[in-house]
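Each remark here refers to the structure printed beneath this line.
The values are calculated or read from the model by the stated rules, or taken from the named source; none is laboratory data. Computed from a prediction, not measured in an experiment: that's the story for all the values here. With ideal geometry, Cβ positions are generated from the backbone for all residues, glycine too; neighbour counts draw on all protein chains shown. When the accessible area is computed, the model is the full protein with side chains, heavy atoms only, and any ligands, DNA or RNA have been set aside. Shrake-Rupley method; radii C 1.70, N 1.55, O 1.52, S 1.80 Å.
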Amino acid sequence: MNILLAFKHWRIKRLLKRFPIKRLIWRRLMREDALFCGLSSVQKAYLRELTTLFIQQKRFRAVQGLELNELMPIKIAAHACLLILELDLDYYQGWRDIILYPDAFMVTSDDMDEAGIVSHQQRVLGGEAWLRGPVVLDWQGFVDDVSQPDLGHNLVIHEFAHKLDMQNGAANGMPPLHPLMKREDWTLAFSQAFENLQLQVERGGVPAIDAYAATEPAEFFAVCSEVFFMAPDQLAEAFPAVYHQLSLFYRQDPLARKTLAVVQ
Ligand SMILES: [Zn+2]
């Protein structure tokens, strides 16, 4: 092992020892949050290490009167780190801040149309992920998502999926694929499912997943990632090829995990 790698390992060990997540808090989170059911004890232990390191690398800030307590960063970090459980913490490198709003928040922007006319827009958002910048979250929205897993929504998974997508530039619905994955398989699976969902929305029926996914490919990837982890049976049924590609990318099979948790 070279000196740099040895130093990195020493530093990780030291951080894990110095800033352990309290056992009681961790066990409760693993037990009460449906998202973590079905993880093996080894996976949970590794997730705890990733979560600890993530909290040390990032800076959490609460605004608009929200008080940051001990549990909030742990809960957010654990959800964010589930995405990279079989990847690497380096997937979240290059930025530091996580900003928490108590509720949905208002953003203003100047948009220019094709005729060059600039309009001042105000929008209410639940979350935002900036390229090489912060992740912004509506805390109550996240809590509500977690309490209703069958709806398949998860704000933290959504915004951190955007962060993974941004590993190779602006979010476009294609994160950096692993060497053995085929770019054409990913493109075919995602473009067919995206068009399919757009058709469902246009026809006014009940879309297979949140209609917001039909707005653009980046949102489709983020919403599919939410459903992949929160309600994998729904995604596997609606868009099996997308489920397969996501299982290759995240190197996880939440559907098998869920089935196992039900049997247990
Ligand atoms: Zn989004």
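Per the conditions (1) in contact with a helix residue (DSSP H, G or I) (Cβ under 9 Å, 6 or more places away or on another chain); (2) loosely packed, with under 11 Cβ neighbours inside 10 Å, the sole criterion not satisfied by residue 71 is (2).
Among the residues of region 126-152, the ones that are open to solvent by less than 60 Å² (accessible area, probe 1.4 Å), within 14 Å of the ligand (Cβ to nearest atom) and not in a helix (DSSP H, G or I) come to 8 in all. Screening 28, 23, 48 for residues that are touching a residue at least 24 places away in the same chain (Cβ under 8 Å), basic (Lys, Arg) and either at negative phi or touching a His at 6+ places or on another chain (Cβ under 8 Å) (or both) leaves exactly one candidate, 48. Scanning region 170-192 for residues being assigned to a loop (DSSP other than H, G, I, E, B), of a type outside the set (A, V, I, L, M, F, W, C) and in contact (Cβ under 8 Å) with a residue 24 or more places away in the chain gives a total of 4. In region 216-245, how many are open to solvent by less than 30 Å² (accessible area, probe 1.4 Å) and more than 16 Å from the ligand (Cβ to nearest atom)? So the answer is 8.
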